[in-house]
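As structure tokens, the structure follows; a few thoughts come after it.
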Amino acid sequence: MGTASYTEQAHAIHARDVAFDFSSVPLHYIPGEVMATHIINVMHLLLPEGERAMAQALSEALPLIDDERLAEEVRGFIGQEAMHATSHEQARIQLEKLGLEVGPLVELVGWLVDRMLGDHGLTGRAKHEWLCERLALFAGMEHYTAVIGEWLLTNDVLEEKGMHPAMLDLIRWHGAEEVEHRSVVYDAYMHVDGSYARKARHAVLSSMGLLVLFAATGGYLFAKDPSPSKGRWWPVQLASATMRGVVPSFTTFFTEIPRYLKPGFHPSQLGPMDNALRYLASSPAARGGQA
């Protein structure tokens, strides 16, 4: 399972009680950046459903994990994901109040997640194999959320652009916790299964799946945006935002595959989590206040 890397990455994971005030958040909370705003909005739609499915799979894996420290980290991870889903749901409600019609898309995403990533009521070996498939997929996805989380913590462009502080705190708090628990799903997968072939297959599936979901859902939100001044040609706006560093580069979904698949890779090799821990110590929401 890569014992050395696993041991070196030891870190207590626990859910934080956070409080956000989204009541003053405008529709375009990154001023002058309509499409970049909607790329961030994808997190409010996709992440809650995906994180619910991820927590379900890890709950199923818990009885198979006889390493008490890893089991404790998994329980802490599940608690953090539940808080993420709740916080993003609150942000989504605010956007709906402002006229962004997202209900049908949220229902569709929830239906797809249930149909594609649910437990399907399997038993015996088929149940175990399907659990391993889901853990491998989620481990691949968590690699990207950790990489993007570090980007959110170290990128100053959003702050310079005047992004609404509540939304900025939301995505940085979430990004910091993604960095903090970046090893948990990977370690759980390696403990329960660890097949390199399965890991490689799902590395490609997770990267391509996330790329398509972000682009397609971002385009859908742009189309549903009721603002008459939103502009045209969202792909051009997206390309511009990417080149100016307002959103992460979509090339990340290609360039990270070789690193993730390098023999001996472990998420602890992504770098120190100092930025994440510093932010979690200073975040208004994570300190129990309101952003």
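Within the chain, what's the longest run with no trypsin sites (Lys or Arg not before Pro) in a DSSP loop and at most 13 other beta-carbon atoms within 10 Å? Give the range, please. Intermediate results must be reported in sequence, preceding the final value.
Working: sites that count: Arg232, Arg244.
In short, 1-231.
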- Under 17 Å from Lys262, Cα to Cα: aspartates and glutamates that are on another chain or at least 8 residues apart: Glu142, Asp187
- Note on the structure: Of the candidates Thr217, Trp130, Phe265, the farthest towards the positive dipole end of the chain (Lys/Arg Cβ +1, Asp/Glu Cβ -1, centred on the Cα centre) is Thr217
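Under a Cβ-Cβ cut-off of 15 Å, what is the net charge of the residues other than Ser24 that fall near it, where Lys and Arg count +1 and Asp and Glu count -1?
Numbers: positive: Lys97; negative: Asp21, Asp169.
It works out to a net charge of -1.
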- Which helices, counted as full DSSP H runs in the chain, have an axial Cα extent of no less than 15 Å and a Kyte-Doolittle average of 0.0 or above? 34-61, 103-117, 124-154, 196-224
- Query: So how strong a dipole does the chain carry about its Cα centre when Lys and Arg Cβ are +1 and Asp and Glu Cβ are -1, to the nearest 20 debye?
  - Reply: 740 debye
- Item | Unit charges on C-beta of K, R, D, E only; dipole of region 165-291, Debye | 360 debye
- Keeping all protein chains in place, calculate the accessible area per residue for the chain (probe 1.4 angstrom), answer in Å². 43 Å²
- Among chymotrypsin sites (Phe, Trp or Tyr not before Pro) in region 190-291, those in a DSSP loop whose Cβ has at most 12 other Cβ atoms within 10 Å are Trp233
- With the full set of protein chains in place, find how many percent of the accessible area of region 189-291 is carbon and sulfur; take the probe as 1.4 Å. 66 percent
- May I have the extent of the alpha carbons of the chain along their three principal axes, as whole Å values ordered from largest to smallest? 55, 38, 32
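At 222 nm, what helix-only mean residue ellipticity would the chain give, in deg cm²/dmol to the nearest 500, using -39500 (n - 2.57) for each DSSP H run of four or more? All intermediate terms of the calculation are to be shown ahead of the outcome.
Numbers: 12 runs with 197 residues, N = 291.
So the helix-based figure for the chain works out to -22500 deg cm²/dmol.
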- Note on the structure: Cα gyration tensor of region 167-291 diagonalised, 5x eigenvalues square-rooted, in angstrom largest first, produces semi-axes 30, 23, 13
- Query: Excluding same-chain residues fewer than 8 positions from Lys97, which aspartates and glutamates have a Cα within less than 13 Å of its Cα?
  - Reply: Glu89, Asp225
- Message: For region 149-235, I need the span (max minus min coordinate) of the C-alpha atoms along each principal axis, in Å, sorted largest to smallest.
- Response: 51, 26, 17
- Using the Kirkwood radius over Cα pairs, work out the Stokes-Einstein diffusion coefficient for region 51-185 at 4 °C and 1.567 mPa s, in µm²/s as a whole number. 78 µm²/s
- With unit charges on the beta carbon (Lys/Arg positive, Asp/Glu negative), name the residue among Ile148, His38, Met167 whose Cα is farthest towards the positive pole of the charge dipole of the chain. His38
- Taking the Cα centre of each part, how many Å lie between region 37-57 and region 109-169? 6 Å
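Looking at the square roots a ≥ b ≥ c of the eigenvalues of the Cα gyration tensor of region 207-260, which shape do they give, rounded for a/c under 1.5, prolate if a/b is larger than b/c, or oblate?
In terms of gyration-tensor shape, oblate.
The values are calculated or read from the model by the stated rules, or taken from the named source; none is laboratory data. Computed from a prediction, not measured in an experiment: that's the story for all the values here. Cβ sites come from the backbone with ideal geometry, for glycine too, and all protein chains shown count toward neighbours. Quick note on the areas: whole protein, heavy atoms, side chains included, nothing else; ligands and nucleic acids left out. Shrake-Rupley method; radii C 1.70, N 1.55, O 1.52, S 1.80 Å.
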